[in-house]
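Everything on this sheet refers to the single structure shown next.
Derivation of every value follows stated rules applied to the coordinates shown; laboratory data play no part. The structure presented is a predicted model; accordingly, all values stated were derived computationally and were not measured. As a convention, Cβ positions derive from the backbone with ideal geometry for all residues, glycine included, and neighbour counts pool all protein chains shown.
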Amino acid sequence: MSNTFPDTLPLIGRTALPVRFAFLLADYPRAVWEGHPNNGQWCQFWLQRHQMFRDFSEALTDGCTQLADANVEAAAFQEWFVPRVNFYFGEIDTHHKVEEYHYFPALAQADARMARGIELLEGDHRTVHDLLLAAHQAVVALGTVIRGAPAEIAGPALRARDGLAALGSGLGRHLDDEEDIVVPLILDRSEPVLGIG
Ligand SMILES: [Fe+2]
Ligand SMILES: [Fe+2]
């Protein structure tokens, strides 16, 4: 009987990761990650980066809502928002490059079953990149309006919020699934054996 599942699952609309991708998750569920002896420095730092992205996404999206609702002055918003959103966009890009060039190849080498998962995660990165470009466009448009026509801020602020929310949603799904694929392998093998950390 042929497999009825597609070989890859697009990030948009994905709600769960089948066991063929997260093949070690049942042996190492999230409840055992913290405090596991193989949850080393690299893994902890990497999980912290992911949490930082989730936190930035929430704060930046909320900031745009506050601006749209006129709960904050445009100048004060810009001062708070611009350095943070630029940092957020830049760090996502850097994080993905480091994973693609360094960590994904090391992880794929460690277990033949990882190839499918790594392929999925690389596809996610392309989708997140497209979401990031769209969010960036909306953020740039908002900045233009704030500098030129401050009376018309609400619409562009809501569009920036929607762009950031879409990015945060796609990125959040990717981060959760990436962790479910990668962390169990680290706990099973250890960072030194995998050549990371
Ligand atoms: Fe990633
Ligand atoms: Fe990541």
* To do: Could you check the simple spin-label distance between Asp176 and Thr94, using points 7 Å along Cα→Cβ, in nm with one decimal?
  => 2.8 nm
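Please give the peptides 174-187, 152-165, 42-55 ranked by average Cβ packing (other Cβ atoms within 10 Å per residue), highest first, as a rough proxy for protection. Numbers along the way, then the final one.
Numbers: 174-187: 21.4, 152-165: 19.9, 42-55: 14.9.
By packing density, highest mean first, the sequence is 174-187, 152-165, 42-55.
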* To do: Per DSSP H run of n ≥ 4, the term is -39500 (n - 2.57); total these for the chain, divide by its residue number, and report the mean residue ellipticity at 222 nm rounded to 500 deg cm²/dmol.
  => -24000 deg cm²/dmol
* In degrees, nearest 10, range 0 to 90: what is the angle between the Cα axis of helix 114-148 and the longest Cα principal axis of the chain? -> 10 degrees
* Asked: Nearest 10 degrees, 0 to 90: what angle lies between the long axis of helix 74-98 and the longest principal axis of the chain (Cα atoms)?
  -> 20 degrees
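Could you calculate, for the chain, the ratio of the Cα radius of gyration to the Kirkwood radius, expressed as Rg to Rh?
Numbers: Rg = 19.1 Å, Rh = 18.2 Å.
Ratio of gyration radius to Kirkwood radius: 1.05.
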* Structure fact -> Residue span Gln109 to Ala76: 0.36 nm per residue of separation minus Cα-Cα distance leaves a gain in nm of 7.0 nm
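Figure the gain on full extension for Glu152 and His102 (residue separation times 0.36 nm, minus the Cα-Cα span) and round it to one decimal in nm. Can you show the working numbers first?
Details: separation 50, 0.36 × 50 = 18.00 nm, distance 4.49 nm.
Gain on extension, Glu152 to His102, equals 13.5 nm.
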* Given a cut-off of under 8 Å on Cα pairs at least six residues apart, what relative contact order in percent is computed for the range 38-194? -> 42 percent
* Would you please put 121-127, 29-35 in order of how densely packed they are, using the mean number of other Cβ atoms within 10 angstrom per residue and starting with the highest? => 121-127, 29-35
* Structure fact -> Rounded to the nearest 10 degrees, the helix 154-189 long axis (Cα) sits at an angle to the longest Cα principal axis of the chain of 20 degrees
